[in-house]
1. Within a Cβ distance under 13 Å of F295, other residues only, what is the Lys/Arg minus Asp/Glu net charge?
2. Give the calculated FRET efficiency between Q9 and R294 to the nearest 0.05, with a Förster radius of 30 Å applied to their Cβ-Cβ distance.
3. Could you give the dipole magnitude of the range 181-267 about its Cα centre, charging the beta-carbon of Lys and Arg +1 and that of Asp and Glu -1, in debye to the nearest 20?
4. Can you work out ³J(HN,Hα) from phi for every residue in the range 38-44, in order, using Karplus 6.51 cos²θ - 1.76 cosθ + 1.60 and θ = phi - 60°, giving whole Hz and x for Gly and Pro?
5. With a ≥ b ≥ c the root eigenvalues of the C-alpha gyration tensor of the range 117-214, is it rounded (a/c under 1.5), prolate (a/b larger than b/c) or oblate?
6. Rank-order 82-88, 147-153 by packing density, defined as the average count of other C-beta atoms within 10 Å over each peptide's residues, highest first.
7. How big is the dipole moment of the chain about its Cα centre under a simple scheme where the beta carbon of each Lys and Arg is +1, that of each Asp and Glu is -1, and everything else is neutral? Debye, nearest 20, please.
8. Determine the gain in length on full extension of the stretch R203-D225; use 0.36 nm per residue of separation and subtract their C-alpha separation, reporting nm with one decimal.
Amino acid sequence: MPIPPSGRQYPISHADQAAVVTEVGAGLRTYVRGDWTVLDGYREDEMCRAARGAALIPWPNRLQDGHYEFGGEAFTVPLSEPERHNAIHGLTRWLNWEARRHRGNEVVMGLVLHPREGYPFTLDLEIAYRLDESGLQVSTTARNLGDRPLPFGTGHHPYVRVGTEAVDQAWLRLPAGTRLETDVRQNATGRRIEVAGTPYDFRSGRPIGDLPLDTAFADLDRDPDGRARIVVRGEPWQLTLWLDAAYAYLMVFTGDSLPAPERRRSLGLEPMTCGPNAFRLPHLGLVSLDPGERFQGSWGLTL
């Protein structure tokens, strides 16, 4: 029997919710609740495209020229977005992860990322996907197994179905005070721009309209429990994406660069611990993990 392009499939379920996590990249291929297809994923017989549901480690988004400096040394990783001369979405998307634990409503995927060209560090990774009464929770844990500090960031790339034919009709509330400026190659420059008085201000909630978004938002307002909450309303449902304190940035992607019929069909809501280009601009949230040090962060979807 042919092996699916995304490797072994790990289904989890709870009540009327079901999701599938993949061996390749430890990605979230599908998530449904009853007859509601929550995520715009991909079929089992398809290869993952446009990073749908992918985990983005050890950096999310783009790294300009694939080049960075850390600990007084210079490093260059292969360019995975050659048309823009960038490296994009980290190093683990196409690696085979193992299921360290798999039971009815939870799967924990694990990987040891060994030293490689441009990233000569050793990193143990776990991503736990869990379904319960509140919805979906995704927790990422990283630990430095090497003998020197390493640079680290993580993110995820789910595409949310908005319940309408195009994202234009969806209502979005995003409690972000700033967005990150980018250059023509979509690399962050390090400058934050206030959203007040601009088309990027979704703090009070409004329809997305025809605004093209491939935008990193920052300075997220948080509720008393420390979580930032982003709300998307479609017909006839409402979805909330929550981010714990480890996730300081959110990328929003309306899919304008995707081919039809995927263009503006769903909304990429991408939790990120650091901004795009953070390996070159550490003030955008880059984490430095000392030997033996551990990182953990969580995000989730409440339906």
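The values are calculated or read from the model by the stated rules, or taken from the named source; none is laboratory data. Owing to the predicted nature of the structure, the values given are computational and were not obtained by experimental measurement. Don't worry about glycine lacking a Cβ; one is built from the backbone with ideal geometry, like all the others, and counts go over all protein chains shown. Please note that ligands, DNA and RNA were not included when accessible areas were found on the heavy atoms of the full protein model with its side chains. Shrake-Rupley method; radii C 1.70, N 1.55, O 1.52, S 1.80 Å.
1. -3
2. That gives a FRET efficiency of 0.55.
3. Magnitude of the dipole: close to 120 debye.
4. Working through the residues one at a time gives 6, 10, 8, x, 8, 6, 4 Hz.
5. Since a/c reaches 1.5 but b/c is at least a/b, the shape of the range 117-214 is classed as oblate.
6. 147-153, 82-88
7. The calculation lands at about 140 debye.
8. Going from the current span to full extension adds 6.1 nm.
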